[in-house]
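The values are calculated or read from the model by the stated rules, or taken from the named source; none is laboratory data. Predicted, not measured: the structure shown is a model, and the values here were computed from it. Here the Cβ is made from the backbone with ideal geometry for all residues, glycine too, and neighbour counts use every protein chain on show.
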Amino acid sequence: MPNPSLLILPGDGIGPEVMAEVRKVIDWYGAKRDLAFDVSEDLVGGAAYDAHGTPLTDATMAKAQEADAVLLGAVGGPKYDVLDFSVKPERGLLRLRKEMDLFANLRPAQCFDALADFSSLKKDVVAGLDIMIVRELTSGIYFGEPRGIIEEGNERVGINTQRYTESEIDRVARSAFELAMRRGKKLCSMEKANVMESGVLWREVVTEVGKDYPEVELSHMYADAGAMQLCRWPKQFDVIVTDNLFGDLLSDAAAMLTGSLGMLPSASLGKPMANGRPKALYEPVHGSAPDIAGQGKANPIACILSFAMALRYSFDCGDEATRLEDAVEKVLADGFRTADLLGEEGVDPVSTSQMGDAVVAALDASL
């Protein structure tokens with residue numbers, strides 16, 4: 001039986017640095033757990049533009065469609081700000097999401113005990129936090145038509161259209177309910193049904209889907225109230241499902257509850273492939289951080305935990321995903337800190353590669 005295939009797209013800025021540490025973890029699983037992957041690597045974002053004049057070539061897109069999973073680092077940087085919108089690095093990522101039909105974005109927000117003091121909220125508010133935000137990713141206001149900037153009279157007008165079909169809401173809602181069934185069986189749907197017709201439809205469809213999951217406790221909340229409650233008492237939530245725009249905002253707000261964007265992974269899942277597993281792209285939540293690129297300061301944990309999500313959702317290796325997550329927790333409990341996690345006087349930061357080596361050592365200790 002062939003090894004599962006994994007396409008790695010390091011991208012720009014700190015992407016190649018953090019991905020190098022993931023490669024250490026992948027190699028460890030092949031050597032120590034008899035869990036080998038057929039790994040290939042290609043370009044995306046600014047790196048692809050520099051080489052090919054496009055943020056994602058058709059050949060790379062084809063590789064992504066064929067792979068069992070795609071792992072991406074980060075895209076973008078100030079040197080590309082002058083480019084036309086159509087070839088900016090971010091368009092490569094958006095094309096991957098759109099053409100792979102990755103409609104459900106999973107953004108966990110987990111506060112490790114060792115980092116509870118790093119949150120801007122009080123420790124008792126965030127300690128033990130473990131929530132999952134499911135964001136619809138391929139429709140809504142980011143993709144709706146008409147869109148653009150037009151002339152109207154003597155001034156310009158910017159237009160974006162919020163648009164959702166019943167089927168688009170149905171499928172992301174089912175993904176969220178399935179996750180809730182595997183977690184705490186509690187789901188909160190967030191929209192703006194009080195002022196937006198798309199929110200009314202969203203609430204109606206999610207409610208209807210909920211009838212197929214009677215074990216899940218379903219609640220509804222306006223997205224602005226949800227943002228307030230995330231800051232007030234985030235542990236009231238388990239799984240949150242929301243649309244593309246609100247999901248973008250709410251997941252970033254939830255990310256900062258944990259203390260650092262450098263800690264947070266994500267998964268974008270689509271329709272099942274022939275093997276029954278969903279098409280999937282995994283990436284850290286953080287950006288390309290060009291200000292520290294090449295300096296060995298980047299935190300690789302978010303990218304490492306993105307691979308843990310791949311183990312769980314694409315490769316049916318939940319036990320090994322837990323092993324890797326436990327290794328990360330042990331490293332943090334032992335006091336290893338990259339520069340973004342420093343808050344204790346007298347603690348020297350470890351480098352990107354040293355953090356990766358520490359995770360591999362913790363994996364060794366787990367055997």
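So that you can scan it fast, the table gives a plain yes or no per residue for (1) in the same structural domain as GLY270 (by TED's automatic domain parsing); (2) among the charged types (D, E, K, R); (3) more than 20 Å from LEU72 (Cβ to Cβ); (4) part of a helix (DSSP H, G or I):
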residue: LEU305; (1), (2), (3), (4): yes, no, no, yes
residue: ALA308; (1), (2), (3), (4): yes, no, no, yes
residue: PHE315; (1), (2), (3), (4): yes, no, no, no
residue: ALA327; (1), (2), (3), (4): yes, no, yes, yes
residue: VAL360; (1), (2), (3), (4): yes, no, yes, yes
residue: ASP364; (1), (2), (3), (4): yes, yes, yes, yes
key: Residue under evaluation ASP84, criteria (1) surrounded by fewer than 23 Cβ atoms within 10 Å (Cβ to Cβ); (2) touching a helix residue (DSSP H, G or I) at 6+ places or on another chain (Cβ under 6 Å); (3) of a type outside the set (A, V, I, L, M), criterion not met   = (2)
task = Report yes if some residue within region 1-23 is assigned to a helix (DSSP H, G or I) and among the hydroxyl-bearing types (Ser, Thr, Tyr); otherwise report no.
result = no
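Conditions tested, residue by residue: (1) of a type in the set (Asp, Glu); (2) under 19 Å from the mean Cα position of the chain (by Cα); (3) modelled with pLDDT under 95.
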{"position": "ALA255", "(1), (2), (3)": "no, yes, yes"}
{"position": "SER268", "(1), (2), (3)": "no, yes, no"}
{"position": "ALA274", "(1), (2), (3)": "no, no, yes"}
{"position": "LEU281", "(1), (2), (3)": "no, yes, no"}
{"position": "ASP319", "(1), (2), (3)": "yes, no, no"}
{"position": "ALA358", "(1), (2), (3)": "no, no, no"}
{"position": "SER366", "(1), (2), (3)": "no, no, no"}
Qualifying position, being buried (at least 23 other Cβ atoms within 10 Å of the Cβ) and either assigned to a loop (DSSP other than H, G, I, E, B) or in contact with a Gly (Cβ under 6 Å, 6 or more places away or on another chain) (or both), among ASN299, ASN275 = ASN299
remark   = Within region 73-91, residues being touching a residue at least 40 places away in the same chain (Cβ under 8 Å) and assigned to a loop (DSSP other than H, G, I, E, B) number 3
request  = Scan the helices (runs of 4 or more DSSP H) fully inside region 161-244 and keep the ones with 3 or more residues being closer than 27 Å to GLY148 by Cα and modelled with pLDDT of 95 or more.
outcome  = 166-182, 197-210
key: Those residues of region 199-223 which are under 15 Å from VAL134 (Cα atoms) and polar (S, T, N, Q), in sequence order   = SER219
